[in-house]
Structures are given as C-alpha cells and as structure tokens.
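Data first, discussion second: the structure below is written as structure tokens.
The values are calculated or read from the model by the stated rules, or taken from the named source; none is laboratory data. On a predicted model such as this, the values are computed, not experimentally measured, just so you know. Using ideal geometry, Cβ is built from the backbone for each residue, glycine included, and neighbour counts are taken over all protein chains shown.
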Amino acid sequence: MATFCSVIKFENLQELKRLCHWGPIIALGVIATCSTMAMIDSVLWYRPLHTTGGSVNFIMLINYWTVMILYNYFSAMFVGPGFVPLGWKPENSQNTMYLQYCKVCQAYKAPCSHHCRKCNRCVMKMDHHCPWINNCCGYQNHASFTLFLLLATLGCIHAAFIFVMTVYTQLYNRLSFGWNTVKIDMSAARRDPVQIVPFGLAAFAATLFALGLALGTTIAVGMLFFIQKKIILRIKHEVFVFPYDMGSRWRNFKQVFTWSGVPKGDGLEWPIREGCHQYSLTIEQLKQKVDKRVRSVHYKVIEDYSGACCPLNEGIKTFFTSPCTEEP
C-alpha cells in the first residue's frame, strides 16, 4: 500500500512539472490577466449587484468562462493523449506486416498513432504536440483540448467586449489621469459618479493591455479551433478512402465527444468504414514512407551541430540555408 501511494505521488509530481514550461506559463498568464481584468472592469461599467444583467454577466465570467476554460485546459494537460503500451503488438501476429515498428518504444505503432520525440512515446491518435499545454493532443484529451479552444475563444470575445465598454464608459463619465479629474455631465449616462473601483491611468493602461491580449487570443485560438473542427468532422473525397471516417460529420463528432467525457474504444483499434481494412491507413503510410525514402535528399555530416534554429556561429550561408526539419 505504501509503495502504491509513493508511486502515485511521484507520478503526480512528474505531471506537475508540465507547468514549468514557457507554454503553460504564458497560457495561464493570459487567462489570469484577461479574467482578472474582465472581472474588475465589469464591476465598473455593469455592476453585478445593481441589475440582473450585471449579475448574469459577472457569474458568466467567474463560474463559466474562467472555471470551464481552466478545467478543460488542465484536463488536456494532465490527462494526456494516451500512449501505446510499451512492447505492444496486435493480437494476430500476422497483422504486424501492416504496421510500422518503433525502435524507441520497442512496440508496433497502432493505427492512427505516431511517435512524439518530445514525449518520447508513441501517442494514440496523435494530432500534434502542443507547447501551450506542454503535452500531446490525441486520443484521450482531444475533446478537452478542442473544448478549451472553443471556450477560450468565446471567453476572450466576452472579455474584449467588457474592456471596450469599460474604456468607453470611463472616458465618457470622467477622465482620470491621477493628477487631475475632469467631470462630465452624467445625466445622459444615468450613472452614479462614485466609482466602486478607482479607474486611473494605470487601470486604463491595464485594460488596453488586456484588450490586446483578448483580441490576439481570439484570433490565434479561434484559428486553432477552426482547424481542430475540420480535423474532427473531416470527410475525405480522395482516391484513398480514409478508413476511420464514419461517413457523416455527426458520427465523426461522436467519436471524439461523449456524454461521459471518456472517448470511445481503447485507442488501439478503431471502427472503420464498410469495405475498408483495419490497417488500410497504415498500409498507405508504409507506401508513402518507401516513396519518401526514394525521393529523399542525402546529406553528409561533416561537423557535429547542436541543431539550433539560427546557427549564426556557422556563417551567413549556413544561417540562411539550414534544413527545415525536426530531425536530430
């Protein structure tokens, strides 16, 4: 029992190390900044205790956007994508001829799985390695990651609206720059001139900064969500029939999103379209891999190199002609 508890504790500590990375630090910093400023600013222009709309607005900020964004963010980060078991091979040994073998994991690559160099494991249904969650997006956390993108986009739109209204309201009501306050007629605004939270130059600058973060996040994360939506709902009309496309966007949607939150299947075998083979995709990948080797360009290594993206110390010519690859 003591050994079991120590293993769980060690694994939790290992997972917590994922937070010590520039991606989660920046992502959580943006979430904290936009959420905090939105809550403060919403009190200034739309007081939660004075109107029903203000109360709903404030509850949406705290209980829905912030909590749900963080819940799905940490789920995507700590639940992880799910890894192909070390040493895995299909039950029918004859099917190994259709699969690629991973020398690092000492296992066959299950359908839809790929080896991630950063995680150093074969990831089930790997989509990509996301630096913002410092983890891969795959079989187990695809739904959480996609929901995080959607909620972050909607939450930032809500926050941006609050920031714009705050700046407009405060500039209309009174211009406060610390050393001088110019009071303007409040009859049209029908507002109490006494502010719950002082709004000075620092608050104005902080609101503009948060507005920039919210708009930038809306564009960047919104584009990522659009890409993920296309991946989940994709229906290919190419010569090669994608075997794991269920034929309708709704059926594809249900393969990722479930009421329980637990994805269907075991991540190793997948439901396939009628007329397709369980290993149709892996067979095609093996063909493409052979073709890639035929068309590949060979380089001769003449000097050890760290692999830095911008090798200034290697000369101007090398700096502008470094290979675009993640290969070591």
*Is it fair to say residue 78 is part of a helix (DSSP H, G or I), touching a Lys or Arg at 6+ places or on another chain (Cβ under 8 Å) and within 26 Å of residue 136 (Cβ to Cβ)?*
yes
_strands (runs of 3 or more DSSP E) completely within the range 111-168 that count 2 or more residues being of a type outside the set (Ser, Thr, Tyr) and crowded, with 20+ Cβ neighbours inside 10 Å_ = 121-123, 135-137
_Checking residue 265 against (1) under 28 Å from residue 145 (Cβ atoms); (2) modelled with pLDDT of 70 or more; (3) assigned to a loop (DSSP other than H, G, I, E, B); (4) touching a helix residue (DSSP H, G or I) at 6+ places or on another chain (Cβ under 9 Å), the condition it does not meet_ = (2)
*Which number in (1) part of a loop (DSSP other than H, G, I, E, B); (2) of a type outside the set (Lys, Arg); (3) crowded, with 17+ Cβ neighbours inside 10 Å marks the one condition that residue 87 misses?*
(3)
*Assuming residue 275 fulfils every condition listed in (1) at negative phi; (2) at pLDDT below 70; (3) out of contact with any helix residue (DSSP H, G or I) (no Cβ under 9 Å at 6 or more places or on another chain) apart from one, which condition is it?*
(1)
*Leading residue by the ranking (modelled with the highest pLDDT) among those in the range 5-52 that are within 20 Å of residue 70 (Cβ to Cβ) and hydroxyl-bearing (Ser, Thr, Tyr)*: 33
*asked:* Take the conditions among the aliphatic types (A, V, I, L, M) and at pLDDT below 80 and apply them to residue 223. Does it pass?
replied: no
